[in-house]
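Structure first, then comments.
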Amino acid sequence: MNKTRTLLVLFFLVCTLAVQAGSKLSNAAFHVTSHIVSKAEDRFTEDAILGYWLHFENVVKIQIEKIGHKYYGKIIWLEKPNFPDGTLKTDKYNPDPELRDVPFVGLRIVKDLEYKGNGTWGGGTLYDPEHGKNYGCKISLDSENEAIVRGYIGFTFIGKSVRFNRVNG
């Protein structure tokens, strides 16, 4: 906690001095010190999200993997892999008719996430195969073993969050 307090005091001191020196220096000081503070606060690595995650109500398990510099998630298990009529759940509402026979299990539903720092990944999409809709996606770690997945429309405050827990494959 003392390290954080020291960095925040340093941040405000540098910003105050920079404001007195002029706006260009002020902007530079802000970016440098905010970067220092954010890196000091980051207790997670960018790959901390990799692995297997189970929905808090045990209805779906996803695997988060890294491809290139981005993160993706696919369904690897469903509590109920069939529709009520007994047929296999497929992506029947997909906007692309050629993909409507793809099973839910194996379907990549999280795409193109990037690490934003401080245990947060964003900038990607979340696909809802039950409705054939794409949403913005943000995933935040509360701890090494707890993640909050947020699907949203346009702005993160217009959406829904769901908790996932880390599990073994």
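A few comments on the model shown:
- Ranked by how many other Cβ atoms sit within 10 Å of their own Cβ, fewest first, the residues Glu144, Glu98 fall in the order Glu98, Glu144.
- Using a simple spin-label model with pseudo-atoms 7 Å out from Cα toward Cβ, Thr87 and Ser161 lie 3.7 nm apart.
- Between Glu130 and Glu57, the distance separating the two model label sites (each 7 Å from Cα on the Cα→Cβ line) works out to 0.7 nm.
- Simple spin-label estimate for Asp101 and Leu50 gives 3.5 nm between the two label positions (7 Å along the Cα-to-Cβ direction from each Cα).
A short reminder: the numbers here are calculations on the coordinates, not readings from a lab. Small disclaimer: the values here were computed from a predicted structure and weren't measured. All Cβ positions, glycine included, derive from the backbone under ideal geometry; neighbour counts span all protein chains shown.
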